[in-house]
Each structure stands twice: as C-alpha cells, then as structure tokens.
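Undergrad: Below are the structure tokens for one structure; questions will follow.
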There are 2 protein chains.
Amino acid sequence: MTTPPGPAGHSRPAGTNLAGLRDHNAALVLGLLRAAPQGGSRVELATRTGLTPQAIGKITARLLAEGMIVEAGQAASTGGKPRTLLRLRAEAACAVGVHLERDELTVLLVDLAGRHHHVHTEPVDRAVTPAEAVRLITARIGRAAADLPAGARLLGAGVGCRGPLDHAAGVLHWFTPPGTRDPAGWDRYPLRDELAARLDGLPVVVDKDTNTAALAEAPAIPRPVGGLAYVHLAAGLGAGLLLDGALHRGTRTNAGEFGHQTVQIDGPPCDCGNQGCLEVLCLAELRRGDHAAAARLLGVGVANLVRLLDIDRVVLGGRAVLSAPQVYLAGVTAQIEARIPDPDWQPVPVSVSTAGRLAVAVGAAELVLGPLFGRRT
Amino acid sequence: MTTPPGPAGHSRPAGTNLAGLRDHNAALVLGLLRAAPQGGSRVELATRTGLTPQAIGKITARLLAEGMIVEAGQAASTGGKPRTLLRLRAEAACAVGVHLERDELTVLLVDLAGRHHHVHTEPVDRAVTPAEAVRLITARIGRAAADLPAGARLLGAGVGCRGPLDHAAGVLHWFTPPGTRDPAGWDRYPLRDELAARLDGLPVVVDKDTNTAALAEAPAIPRPVGGLAYVHLAAGLGAGLLLDGALHRGTRTNAGEFGHQTVQIDGPPCDCGNQGCLEVLCLAELRRGDHAAAARLLGVGVANLVRLLDIDRVVLGGRAVLSAPQVYLAGVTAQIEARIPDPDWQPVPVSVSTAGRLAVAVGAAELVLGPLFGRRT
DNA sequence: CCAGTTAAACAACACTGTTTCCTAAGTGCA
DNA sequence: TGCACTTAGGAAACAGTGTTGTTTAACTGG
C-alpha cells in the first residue's frame, strides 16, 4: 500500500459511516417518491427499499420534519387501514441549470419536481472572455435566485458547455489549434472554482453539454436505466452516455466522442486527424441540406452504439435534429431496425429530447439534483 | 408509485442497514489490502477510506478474528511507534472459475491472492447436452474442491461461456438459426440454477466469456478504473467493458457486441443481417492468414471504442491474438495512434491478456471474488 | 535517560435500522 | 349496529455501527 494510484485526487474515500448510511437511505426514499409524482405510501417504500416499515417510518418522519416531503391524502383501502400517501415537496429546494454556448447563455431554476421557476436566454458575444462570462453567469444566477419559491433552499448550480473539459476538476480544455492563439484565455480556465468563488461557495458542477442533455432525460425514467444514449447533432456530433443509472464520463471526461468513430475505413479525412469519421460524413450531408441522408448516417452510428453498449433507449437532440425531428426519428429508427435484426434485442425506442433547446440547461440542474435522489455522480 | 418498473426482478432493493454498512466498509478494507500484496497499515486504511482510525481498528479486529487477514510485521518507524502491517490471508477463501467452451472445459481454483490451487482443462464433445455438461462441471468442481487449502471457505463458482445469455437470470440464449434445431437443448437452459442445485446451493454466477476475461485483468489494476476494454478475437469478435470499476453488461447482457459495429457502410453483408461489420472484414483476413491486416482492422474498432468510452487501457485476447501477440499489439497500437492524434488523450496502453488462455476462467472466479472486495456487480 | 512522536487500544457515546408490541382506521359480514 | 378481521403506522427497548475522548504502547532523537 504505497501512494494513491492513478491521477491525483481520483480515489476519493468511500468509507461510509452512520451519517452516510442515513443519507443513502433518505436519498433512496426521495428518489422513489420523485418517480411517483402522484405520491407513494410508506408500505411501498419499505418493500421497494428492502428496509423495515419501522425504518421507513423514521426516515419519512425526518423528511417530513425537514419539509422535504408532505403527506398527501390516502390511497384506497385494500381491506384495512388505508395507506397514507407521501409526496415530494417540490418547492423545498431548487437547483440552477446553466447552458453556456458559444453565442448564447441560458440560465434556469428547477425545483425538486422538475418544474421551471425561471428561464432566461440571452445572446453572448462569441469573443467573450472567461472572466466576463463568469460575471454574466453570476449576475443571471442572482436574478434566478430572486425567483426562488419562499423557503426553498438553493442546492447549487450545474453548468453544461462544450468539451473537452475536466469534470472532476471543473476546468475547461478548450484547446486552440497549434499556431493560433486563445486570446480570451479559455484553455485551462477553472470555471467551477471561479464560479463558486463568486457565488459564496455555492456548490458548482461543470460537465459537457452532451452529458447534461443526457441527464435531462433521466428523471422521467424508472431506475435503474441499463443504458440511455443521448445523441447530439448540431455544429458537431457527440453523445452522452447514461449507463446503469450514472453518467459514464471516463477519467478524462472524454467519453461520448461519438462523431469520431470510423464508419468508412479510408474515408475522407477529418479535422481530428482520423479518416472516415461519422461526423465528417454527417456534416457534409447537413451542409448539403440533406437531413434524410444525415439521419441515415446518424443511424449507422447509433446502431453501433446500441449494440456495443446494449442501449435501452436513444434520445436525439441538437439544433439539426430539432429542425427536422421526424426525419431524424424515422431515419435513425430505420437504421437500427435494418442493422440489428436480432430478435433478442427488444425494439429500442428512439425519441427526441423532450426538453428541446433547454435540454442542456435542464440536465445541468439535474447534475445538482441527482445526488439528492441517490444518483451516482 | 405503482408496480415495479422495467423487466421483473431488475429493481433489487438498495436500502442499506447496519449489516450492509459493516460489509461495505469491510469489503473496502479487503479491497485496499488486495491491492497491496506486501501489506498495508491501519493508518493508511483510515486515510484511504476516510474512516476514523478507531473504526479501522474495530473492522480489522473483526477481520483478524475471522481469519480474513493477518498481521505481517511492521513498517519502518517515521519517528514514533511503527505501523503494524496487515495482509490478506490468501488461503482464507477460494472461488472456482469455469470456462465452458464449445470443445473444451477449464476449471480452476483461485484464492484471495489470485493464486491458482487447481487448474484442469479437458476436451468436451461439441454435441454435449446441457445436462451432461452440468454433470461434468459438477464433477470437476468436486475435484477442485479437494485441493482447497486447509480451512479455506469455498465462496462460489463463476462460469464464463459464449453469449448471448442472461447474466441476471443465469440462463443461456444459445439461439439456433430458424429452421435448424437445437437437439441438445441449450437455448433457454437455466445453467446457473441447474449448477447451483447440484452444488448444494453453492453460489453460482454465469457471465459471457468476454466479460469474465475483462474481469481477469481487474485485480491488477488500482481502483477505480475509468475504463478498461478487453477485446477478444477468435472464432468471433467480442469485447468486455469494465467501466468505472464494474462490468457494463446492459439490461440484456448484450453489451460488448464489438464485432458487429459498422466500419464500412455498404460493406459486405454479415450473418447478423448488417453489412460492413468489423467482424466480417476481420475474419476474412484471418481466413487468409493475414494477421497484420486483421490487426489493423481490429485497431480501427478499438480506436472507435477508446474514443467513445474514454478507455484507459486495452487488453487483447482470444486464440487469434494469442497466436501472434506482437502483430496484434503493434497493429492495434498503430491504429490508435493514427486515429486518435489528440494530445489530450494520454497514450492508451495496449497489452495482451496476462492470463492467456486461462483468462476467461480466471475472470469467472473473479465474478465471485470481486464482491468480497467491494466490486459492484 | 527522557521528552517528543506516532500507533493502536479502551471506554463512553450518538445514532442507525431492527425487533416487539400496541394503537389507529379501515372492510366485511352477521 | 356490532364485531371480528385486516392493514397501516407509531412507541419503546435493543443491537451494533462508527465517533469522540482518553490512555497505553513503542520507537526516535537529543
């Protein structure tokens, strides 16, 4: 047992004490109640968690006292005393979701039930410096906080933006090509810590836009999700992977490089140095305005993804997809069906991101809300 | 909160009580000690787990009393009382690893330190029925158990075999093509339960060969592993994915369908119904005896995998690879370097499975041993 | 030899879920 | 209406976890 292995800071302690045990079980209960907007009973919570009814009684009593949940009527009797229903108190706490794009900033406020209490989008100068962006975001979060429901706690802020970046450190890696400059100074910018410092230590989490967009779909899905893939087609082509209920980021937060998979060996060269990348082919069709052809190509990549990871559900998003959703739905579905004829694979549902253009910001808020409901980070 | 979501039996309770807390922390301690063959001190365990020295004292006292660990000398003093070193007691427990191939059966016995106490390989008739195979495996496990070190507990048996199969249920899905027959009755055979019944309720776990082979590499790697991919080239082409310290199987245990990714749109047709599959191209080169060309193709697929999942380490295995390891190492490494020139990606080490032909069986034993050391299943 | 330092155990404690028992609040039938 | 039955949920005592505060053990260095 010598020094800690791997990159520094990567082996956070995992020992659990009584406080951790309590929080784990409370999060489990809250997560189950989130999945049941109409409410759930103590008895169901006990069977679903595997805890004794008495333990659930204590946990729910604590959550009631803290104002995280409320009693909400009764269920129909099944021959004895009717069950008391418990519901999440949506306005008990909120999280901020931020989507920082090249030319646009979106800030919104989401409560425990996923309702939006504040949504604001504004254009941003493409030449903005990191410091200016941080000032802008801070100001916008301040305004959003003014819309907090009475008594609601503000849990933190999640930020989604393009990669590459280091999620664990909260640092951007917006390389500029060698030879050129990065006058604004975005590369190696410690976005998380700079934001947290200006927000009075409010917890801040930074992640790739594709990752947060994938998370935006998570609350609607009963746990555990075997595999959900969010595929984003806009100026680039990327993916967010929600595997076994948690985002898969990889040690360098580089997972999801969906666009640079080779689908045509010895195909046309790509800026990334590779050749025959899906992205090159797909963007070429987009420039031609041929969404159907782009969708077909996208479908080839999605089919690869689905097979490789045994994906249960595919969600499409990004400006290109949102501009012609039906075309992409049909094209991707057709490729999946054509390329995965195996009967053992249940039909893999493909849908378009329900949050639409807000998907990244909504998912960014979920970065903060998720752990409260027991999602692994 | 209506009925349990998803396929039945998939949402196992996750509530934790004191016993679970104790086991979790004990597993954490055992895992840390496994990664330190020369021994580790209580103080280090405390800092690494985040638990108090006192808690570690109680946990190690329990483990000492149970015979799971032993004191093993002292570390050099750093100015005060020297630390007492603790080591795993390798012979405290063992697990059986089984590799069931079409024409061969391998059974081995692995102790807590990963040492093999029994290794046996024998040919098997390709037309063997499931019942005969179960009898054979049972008999072989009986002989292996005779080689158990004195006082060692037998924790269970892991079985690795070709897919598709259902890991959660322990049932094989060895479909036969429509029209043909499955005279031996392998399809839908409940291998896990049949084995467990004949082994007096000994815990049995069944998984795909590629998954267990990936697991075979895990003990040597300091946790947490961001992403390890085991790529297997023999009669087919598959992969096992070890993501964030746990195998990623997908809900249908179908993850790892590496061979059927499309790398040549409109390429030659594949038996699977798709066209341009990596496997078709790769096996064609193999039949031609051109390992270098096969390696190049393999490298294309591996580069896709590495980028998509931010893989940290690639392990190659399977009969084809083992027949010309250097060719595959060089070919795959070259493709990774050529197709992922991004400087942000640290060089991704590629190696050949250290366990060689025993990889699947060794990893099958790890299916049983892993949870003891805190690996998520 | 002794102060200083570090490791590890002892004892009392806080707090978790569990067990056991009891009360509350319905249903259904006579 | 009465009463047995069923089911939900709380009260109290309990077992066992890691924590806190204190003490003892063992080695270094002047």
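The values are calculated or read from the model by the stated rules, or taken from the named source; none is laboratory data. Just so it is clear, the structure is predicted and the values come from calculations on it, not from any experiment. In this analysis, Cβ positions are derived from the backbone assuming ideal geometry, glycine residues included, and neighbour counts consider all displayed protein chains. Accessible surface is based on the protein model in full, side chains and every heavy atom, while ligands, DNA and RNA are left aside. Shrake-Rupley method; radii C 1.70, N 1.55, O 1.52, S 1.80 Å.
Undergrad: Checking the condition in contact (Cβ under 8 Å) with a residue 12 or more places away in the chain, in contact with a helix residue (DSSP H, G or I) (Cβ under 9 Å, 6 or more places away or on another chain) and not assigned by TED's automatic domain parsing to the domain that holds B:L329, which residue from B:D193, B:D187, B:D207 passes?
TA: The conditions single out B:D207.
Undergrad: Applying the selection to segment B:190-241, what residues are in contact with a Pro (Cβ under 8 Å, 6 or more places away or on another chain) and open to solvent by 30 Å² or more (accessible area, probe 1.4 Å)?
TA: Listed by number, the residues that qualify are B:E194, B:P222, B:R223.
Undergrad: Now a separate question. Out of the residues in segment A:136-162 meeting the condition of being touching a residue at least 60 places away in the same chain (Cβ under 8 Å) and open to solvent by 10 Å² or more (accessible area, probe 1.4 Å), tell me which one is farthest from the chain's Cα centre (by Cα).
TA: Within segment A:136-162, the match that is farthest from the chain's Cα centre (by Cα) is A:G151.
Undergrad: Can you name every residue in segment B:1-40 that is of a type in the set (G, A, S), at pLDDT 90 or above, more than 13 Å from DNA strand D (Cβ to nearest atom) and open to solvent by less than 50 Å² (accessible area, probe 1.4 Å)?
TA: B:G15, B:G31, B:A36, B:G39, B:G40 - these are the residues of segment B:1-40 that are of a type in the set (G, A, S), at pLDDT 90 or above, more than 13 Å from DNA strand D (Cβ to nearest atom) and open to solvent by less than 50 Å² (accessible area, probe 1.4 Å).
Undergrad: Would you point out which residue out of B:V98, B:V128, B:V124, B:V107 is closer than 15 Å to B:D147 by Cα and either of a type outside the set (D, E) or more than 16 Å from DNA strand C (Cβ to nearest atom) (or both)?
TA: Going through B:V98, B:V128, B:V124, B:V107 in turn, the sole match is B:V107.
Conditions (1) outside any helix (DSSP H, G or I); (2) buried (at least 24 other Cβ atoms within 10 Å of the Cβ); (3) more than 8 Å from every other protein chain (Cβ to nearest Cβ); (4) among the aliphatic types (A, V, I, L, M), marked per residue:
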residue	(1), (2), (3), (4)
B:T251	yes, no, no, no
B:N254	yes, yes, no, no
B:E257	yes, yes, no, no
B:D266	yes, no, yes, no
B:G273	yes, no, no, no
B:A284	no, no, yes, yes
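Undergrad: Further, regarding this structure: Among the numbered criteria (1) within 16 Å of DNA strand C (Cβ to nearest atom); (2) open to solvent by 30 Å² or more (accessible area, probe 1.4 Å); (3) on the phi < 0 side of the Ramachandran plot, which one does A:L86 miss?
TA: (2)
Undergrad: Looking at A:T106, A:T49, which one is hydroxyl-bearing (S, T, Y) and within 14 Å of another protein chain (Cβ to nearest Cβ)?
TA: A:T49
Undergrad: Scan segment B:347-375 for residues that are touching a residue at least 12 places away in the same chain (Cβ under 8 Å) and farther than 30 Å from B:R89 by Cα and report the count.
TA: Going through segment B:347-375 one residue at a time, the tally reaches 3.
Undergrad: Which residue is nearest to the other protein chains (Cβ to nearest Cβ), if the candidates are limited to segment A:63-91 and must be of a type in the set (D, E, K, R) and within 11 Å of DNA strand D (Cβ to nearest atom)?
TA: Of everything passing the filter in segment A:63-91, A:R83 is nearest to the other protein chains (Cβ to nearest Cβ).
Undergrad: Can you find a residue in segment A:212-234 that is at pLDDT 95 or above and among the polar types (S, T, N, Q)?
TA: yes
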